[in-house]
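Participant: Pasting a structure here, questions to come.
The values are calculated or read from the model by the stated rules, or taken from the named source; none is laboratory data. Computed from a prediction, not measured in an experiment: that's the story for all the values here. For neighbour counting, all protein chains shown are included, and Cβ atoms are generated from backbone atoms with ideal geometry for every residue, glycine included.
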Amino acid sequence: MRKRGHWLRPWLWRWHRRAGLIAAAILLLVAVTGIMLNHTTAMSLGQQPVRQAWLLAHYGVDLPLLRSYQVGERWLSGDEHGSLYLDGRRLGQCDGALVGAVVGDAVSNGAGDGEGDTAALQGLLLAACERELLLLTAAGDIVERLTAVHGLPVPVARIGSCQPGVCLFSDQQVISADLQQLRWQGTAASAVWSQPGPLPAALAEVLWQGEIGTELSWERVILDLHSGRIGGDLGVWLVDLAAILMVFLSFSGFYLWLQQALRRSSRHRS
């Protein structure tokens, strides 16, 4: 028994330290994430979307695909979910994906002599979505929404300027749009269609970091870190390993303490 105990004690000391270091690293992460989860409401973790591309890729979340159009000195962007953005600010929702945008100053309406109609569009931006046409101020405020209820031919595939007026392309046909009288009629006029372009890097960074959201929240990420599920089966096994190591540390710590206590008691009696 003495020989066995002589062998077991140094072995337990060595692995007690090693197990403690391994368990400490895992348990520190579990403890910190546990504290964060206890205060998830105060920290608004459930309302903070994850925007880091590498983390979204890990979860298999597809980033929204932006299509951007230059309107004067501004950039109007939209994603496949109907969200609209002017430069680095979110404007709201549009019915369908953004298919084009023009500046009202650059087109005339084509109704009557055109002068009064052109004046009505001065300073406005026209954003065409698949099932909706939006008239916006230069600041991005929505002045009017035109839909199929107003006779808008849907789905809209393009928007551009023609002579004279605003033209839409829908159902394989070029349509002249009278936005004052809300009349839409086919035309043989040639049109200069709005074309998408690359959003400047600075504006793209502002959108990704401040406006474009996803369904993945930081609360979900912290919860997965806490449980180990963020690493899949391996992460769960690591958390289980930390629990097993804690059991081992409890046993080895108690055994080493008991051996020390028995030695002290033996010396006192002798």
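Participant: Do the conditions hold for V143, that is, is it modelled with pLDDT of 95 or more and touching a Leu at 6+ places or on another chain (Cβ under 8 Å)?
Facilitator: Details: modelled with pLDDT of 95 or more: no; touching a Leu at 6+ places or on another chain (Cβ under 8 Å): yes.
Taking the combined requirement at face value, the residue does not satisfy it.
Participant: On to the next question. Which of the numbered conditions does L65 fail, given that it passes all the others? Conditions: (1) part of a strand (DSSP E or B); (2) under 18 Å from E130 (Cα atoms).
Facilitator: Checking L65 against (1) part of a strand (DSSP E or B); (2) under 18 Å from E130 (Cα atoms), the one that fails is (1).
Participant: Just a yes or no: is a residue in the stretch 214-221 among the β-branched types (V, I, T), under 24 Å from L84 (Cβ atoms), touching a strand residue (DSSP E or B) at 6+ places or on another chain (Cβ under 6 Å) and in contact (Cβ under 8 Å) with a residue 40 or more places away in the chain? Walk me through how you get there before you give the answer.
Facilitator: Here is the first cut: in the stretch 214-221, the ones among the β-branched types (V, I, T) are 214, 221.
Filter again for under 24 Å from L84 (Cβ atoms), leaving 214.
Of the ones still in play, those that are also touching a strand residue (DSSP E or B) at 6+ places or on another chain (Cβ under 6 Å) are 214.
In the following step, the residues that additionally are in contact (Cβ under 8 Å) with a residue 40 or more places away in the chain were identified as 214.
Checked the stretch 214-221: at least one residue is among the β-branched types (V, I, T), under 24 Å from L84 (Cβ atoms), touching a strand residue (DSSP E or B) at 6+ places or on another chain (Cβ under 6 Å) and in contact (Cβ under 8 Å) with a residue 40 or more places away in the chain.
Participant: Just to be sure, is T41 assigned to a loop (DSSP other than H, G, I, E, B), of a type in the set (S, T, Y) and either modelled with pLDDT of 85 or more or surrounded by fewer than 18 Cβ atoms within 10 Å (Cβ to Cβ) (or both)? Break it down into steps so the answer makes sense when it comes.
Facilitator: Details: assigned to a loop (DSSP other than H, G, I, E, B): yes; of a type in the set (S, T, Y): yes; either modelled with pLDDT of 85 or more or surrounded by fewer than 18 Cβ atoms within 10 Å (Cβ to Cβ) (or both): yes.
It is true that T41 is assigned to a loop (DSSP other than H, G, I, E, B), of a type in the set (S, T, Y) and either modelled with pLDDT of 85 or more or surrounded by fewer than 18 Cβ atoms within 10 Å (Cβ to Cβ) (or both).
Participant: Separate question: Quick one: would you say L146 is of a type outside the set (F, W, Y) and within 28 Å of P64 (Cβ to Cβ)?
Facilitator: Values: of a type outside the set (F, W, Y): yes; within 28 Å of P64 (Cβ to Cβ): yes.
Criteria met by L146.
Participant: I would also like to ask the following. Restricting the search to the stretch 88-115, which residues are part of a loop (DSSP other than H, G, I, E, B) and either under 24 Å from A191 (Cβ atoms) or modelled with pLDDT of 90 or more (or both)?
Facilitator: Scanning the stretch 88-115 gives C94, D95, G96, A97, V107, S108, N109, G110, A111, G112, D113, G114.
Participant: Scan the stretch 134-181 residue by residue and report those that are among the small types (G, A, S), in a strand (DSSP E or B) and touching a residue at least 60 places away in the same chain (Cβ under 8 Å). Outline the logic, then answer.
Facilitator: So in the stretch 134-181, the residues among the small types (G, A, S) come out as 138-140, 148, 151, 157, 160-161, 165, 170, 176-177.
Applying the additional criterion that residues be in a strand (DSSP E or B) yields 157, 160-161, 170, 176-177.
Correct list: G160, S176, A177.
Participant: Does the stretch 170-225 hold any residues that are crowded, with 16+ Cβ neighbours inside 10 Å, farther than 22 Å from Y69 by Cα and of a type in the set (S, T, Y), and which are they?
Facilitator: T187, S217
Participant: Based on what the data block shows, is A202 in a helix (DSSP H, G or I), under 26 Å from H58 (Cβ atoms) and modelled with pLDDT of 75 or more? Working first, answer last.
Facilitator: Numbers: in a helix (DSSP H, G or I): yes; under 26 Å from H58 (Cβ atoms): no; modelled with pLDDT of 75 or more: yes.
Here the answer is no, as A202 does not meet what is asked.
Participant: Considering each of L225, L241 in turn, give the residue that is assigned to a helix (DSSP H, G or I), within 23 Å of the chain's Cα centre (by Cα), in contact (Cβ under 8 Å) with a residue 12 or more places away in the chain and under 21 Å from L21 (Cβ atoms). It would help to see each step written out before you state the result.
Facilitator: Values: L241 fails: within 23 Å of the chain's Cα centre (by Cα).
Going through L225, L241 in turn, just one is assigned to a helix (DSSP H, G or I), within 23 Å of the chain's Cα centre (by Cα), in contact (Cβ under 8 Å) with a residue 12 or more places away in the chain and under 21 Å from L21 (Cβ atoms): L225.
Participant: Still on this structure, please answer the following. Restricting the search to the stretch 58-80, which residues are under 30 Å from L225 (Cβ atoms) and touching a strand residue (DSSP E or B) at 6+ places or on another chain (Cβ under 8 Å)?
Facilitator: P64, L66, D79
Participant: Quick one: R158 ticks every box in (1) of a type outside the set (V, I, T); (2) surrounded by 13 or more Cβ atoms within 10 Å (Cβ to Cβ); (3) touching a helix residue (DSSP H, G or I) at 6+ places or on another chain (Cβ under 9 Å); (4) closer than 28 Å to L66 by Cβ except a single one, so which number is it?
Facilitator: (3)
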